[in-house]
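The values are calculated or read from the model by the stated rules, or taken from the named source; none is laboratory data. Computed from a predicted structure; not experimentally measured. Cβ placement follows ideal geometry from the backbone for every residue including glycine, while neighbour counts extend to all protein chains displayed.
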Amino acid sequence: MTPSVRTVVRPGWLLEVVTGELLPDRAVVVEGDRIVEVTAAADAPVDGPLVVDLPAHTLLPGLVDCHTHLVGEPDSGHGYAELLGRTEAQETLSGVHNASATVLAGFTTVRDVGTLRAFVDVALRDAISAGWVSGPRMQVAGAYVTCSGGGGDVTGLAPDVDAVVPYGLRVGVVDTVDDVRRAVRRVLHGGADLVKLIATGAVMTPGGIPGAPELTEDQIRAAVDEAALYGAHVAAHAHGAEGIKRAVRGGVRSVEHGSLMDDEAIAMMAAAGTFLVADIYDGDYIAETGRAQGWRADVLRKNDETTLAQREGFTKCVEAGVRVAYGTDSGIYPHGLNARQFAYHVRWGQTPLEAIRSATLHAAELLGWSDRIGRIEAGWLADLVAVQGNPLEDVRLLEHVDFVMSGGAVLRNG
Ligand SMILES: [Zn+2]
């Protein structure tokens, strides 16, 4: 008989994210991939099991990033045409590297919302869950469902070569309502967990206008209906107010970015329970690094036009009671810096506890995984991270995670 592997983690403090309490002298007992008991440190079994003592640290649930792009090289800011210069194997191995950087930064789960090389995310998710490579547990979108020439299409090519873009880069390109249904089925049959719609123009796409809708309300509703048949939810990339409203009326589960929302859109999201996943750190990264590296002028201009508005909208959403889940658009910035956005959540209206909940409790709700991740409780997956000090006093401590456990395996300690 194989003895079950048991680990006991004894932190200085445990952050109970449901109540917001910081509890001293607790121990978390882990067997296999699950938490089996949270108890007083003095009562924890220390005979036999591996004991991890972290007396100066606060233990939190593993963090969740609800908007990543793990596949491929970080965005070069020059458009998607550069993808034609990289093989699928290169994109895949970049994904392996990015997945490792992400989990070592304390993000033990991600919702990966799109790759231009279709279904590489599915393969990466499966390789991680098989234990072949190290990375976060993943929900994946398979490909972007986008109108032709839209924010998820390969744009910026000369018109006389545009037709030769390989099918694998255009799996989710649609023009009609029937196309949308077909594309939704295609990504879900291909192994995706959710559907990612590009409902408005994008900042990073050459030629797109972030404020302009790129799908009709009928198309969005068709995607939501079709996805629901498979038990999958829909995430809508939407910057402009009209695109956000179409997405909310169409029944999407989350609005991604939400940069140019108006008061009506915010009220609609609050009433419908639509999640906001807003990458409010990236504007600074693009402005600084993008300018220093000479990214495309139209990308930099669109970034300047959306950054402040997005943050002001975030504050209004917090005040209006919109459900906020943490999502960073990693791949815009280098993977592993995902925690930098916490300070922006606090600067733009959330308490440190609410910011942490957005990446634990609320993120788990968005993913439909409230019964397995996002809290430290018996029966939940043993996804744990620790930082030195008290993150409720300084949320930036989350940028330096010293301990990471994922599904009971210690991936980082020190
Ligand atoms: Zn994105």
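Listed values, structure above:
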{"item": "Hey, residue 248 under 22 Å from the mean Cα position of the chain (by Cα), surrounded by 20 or more Cβ atoms within 10 Å (Cβ to Cβ), in the same structural domain as residue 111 (by TED's automatic domain parsing) and at pLDDT below 95 or not", "result": "no"}
{"item": "Selection within the range 40-93 - assigned by TED's automatic domain parsing to the domain that holds residue 300, without any contact (Cβ under 8 Å) to a residue 40 or more places away in the chain and among the aliphatic types (A, V, I, L, M)", "result": "89, 93"}
{"item": "Test for residue 96: is it under 30 Å from residue 388 (Cβ atoms), in the same structural domain as residue 207 (by TED's automatic domain parsing) and surrounded by fewer than 24 Cβ atoms within 10 Å (Cβ to Cβ)", "result": "yes"}
{"item": "Among (1) touching a Leu at 6+ places or on another chain (Cβ under 6 Å); (2) assigned to a helix (DSSP H, G or I); (3) not aromatic (Phe, Trp, Tyr) - the single one residue 154 does not satisfy", "result": "(2)"}
{"item": "Some residue of the range 63-77 being more than 16 Å from the ligand (Cβ to nearest atom) and either β-branched (Val, Ile, Thr) or modelled with pLDDT under 95 (or both)", "result": "no"}
{"item": "Selected residue (only one of 357, 347 is free of Cβ contacts under 8 Å to residues at least 40 places away in the same chain and either more than 16 Å from the ligand (Cβ to nearest atom) or within 16 Å of residue 255 (Cα to Cα) (or both))", "result": "347"}
{"item": "Residues that are in contact with a His (Cβ under 8 Å, 6 or more places away or on another chain) and within 16 Å of residue 241 (Cα to Cα), drawn from the range 291-313", "result": "306, 310"}
{"item": "Looking only at the range 266-298, and only at residues there that are buried (at least 21 other Cβ atoms within 10 Å of the Cβ) and more than 16 Å from the ligand (Cβ to nearest atom), the one that is nearest to the chain's Cα centre (by Cα)", "result": "274"}
{"item": "Top-ranked residue of the range 78-90 - restricted to ones that are exposed (fewer than 15 other Cβ atoms within 10 Å of the Cβ) and modelled with pLDDT of 90 or more, ranked as nearest to the ligand (Cβ to nearest atom)", "result": "86"}
{"item": "Residue ID - nearest to the ligand (Cβ to nearest atom), chosen from residues in the range 91-128 that are in a strand (DSSP E or B) and not charged (D, E, K, R)", "result": "110"}
{"item": "Residues satisfying the stated conditions in the range 254-265, i.e. surrounded by fewer than 24 Cβ atoms within 10 Å (Cβ to Cβ) and of a type outside the set (Asp, Glu)", "result": "260"}
{"item": "Residue list for the range 134-160, filter: hydrophobic (A, V, I, L, M, F, W, C), out of contact with any Asp or Glu (no Cβ under 7 Å at 6 or more places or on another chain) and at pLDDT 90 or above", "result": "143, 145, 154"}
{"item": "Any hit, the range 132-141, residues being touching a Gly at 6+ places or on another chain (Cβ under 8 Å), under 30 Å from residue 370 (Cα atoms), surrounded by 15 or more Cβ atoms within 10 Å (Cβ to Cβ) and of a type in the set (S, T, N, Q)", "result": "no"}
{"item": "Count - residues of the range 196-223 that are out of contact with any Pro (no Cβ under 9 Å at 6 or more places or on another chain) and surrounded by 21 or more Cβ atoms within 10 Å (Cβ to Cβ)", "result": "14"}
{"item": "Failed item in (1) of a type outside the set (A, V, I, L, M); (2) surrounded by fewer than 19 Cβ atoms within 10 Å (Cβ to Cβ); (3) touching a strand residue (DSSP E or B) at 6+ places or on another chain (Cβ under 9 Å), with residue 73 passing the rest", "result": "(3)"}
